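Below is one structure, written out as structure tokens, with a few remarks after it.
The values are calculated or read from the model by the stated rules, or taken from the named source; none is laboratory data. All values reported here derive from a predicted model rather than from experimental measurement. Note that we place each Cβ from the backbone using ideal geometry, even for glycine, and neighbour counts take in every protein chain shown. With ligands, DNA and RNA removed, areas are computed over all heavy atoms of the protein, side chains included. Shrake-Rupley method; radii C 1.70, N 1.55, O 1.52, S 1.80 Å.
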Amino acid sequence: MKVSVVVPVYNKGPYLQESFESIFAQTYTDLEIIAIDDRSTDDSLERLLALRDPRLRVERLERNMGHPMATQRGFDLATGRYVVRADADDIHLPQRIAQQVAFMEAHPEVGVSSSWMRTF
């Protein structure tokens with residue numbers, strides 16, 4: 001596995017389908033996708049469990065720990081060479097991960113990269 005996509009989730013139910021579909025549709029496909037439910041009080045967990053992609057792993061924290069700790073838990077579970085951090089309401093352009101992996105492979109001296117964002 002080359003890339004782990006870590007998505008902390010807390011009460012983002014209405015955004016999950018579109019967000020995760022944009023991850024599933026990436027042109028770079030050697031992914032594991034780790035969703036960490038931070039004890040959401042809305043229907044986020046149910047919506048995550050309804051998503052169908054064999055690369056998706058859903059973990060639920062034992063108690064609400066906040067965004068930083070939910071993210072860290074995802075990092076702890078990640079097995080990829082690269083970790084892509086995503087928010088549960090992000091929509092990813094189809095080549096986002098492919099472009100970041102290509103950049104990182106071409107520049108081994110770089111430890112961290114990011115991507116451009118558009119707010120709407």
Is there any pair linking a residue in segment 25-45 that is at positive phi to one that is basic (Lys, Arg) and open to solvent by 50 Å² or more (accessible area, probe 1.4 Å), with Cβ under 9 Å and at least six apart or on different chains, and which? Arg39/Arg60; Arg39/Arg63
Filtering segment 60-87 for residues that are open to solvent by less than 50 Å² (accessible area, probe 1.4 Å), among the β-branched types (Val, Ile, Thr) and under 15 Å from Val3 (Cα atoms) leaves a count of 1
Any pair with Cβ under 9 angstrom, 6 or more apart, that starts in segment 52-81 at a residue that is part of a strand (DSSP E or B) and ends at one that is of a type in the set (Asp, Glu) and open to solvent by less than 70 Å² (accessible area, probe 1.4 Å): Leu56/Glu32; Arg57/Glu32; Val58/Asp37; Glu59/Asp37; Arg60/Asp37; Arg60/Asp38
Quick check on segment 89-111: of everything there that is small (Gly, Ala, Ser) and part of a helix (DSSP H, G or I), which residue is surrounded by the fewest Cβ atoms within 10 Å (Cβ to Cβ)? Ala106
Test: Arg57 is touching a helix residue (DSSP H, G or I) at 6+ places or on another chain (Cβ under 7 Å), open to solvent by 70 Å² or more (accessible area, probe 1.4 Å) and within 21 Å of Glu21 (Cβ to Cβ): no
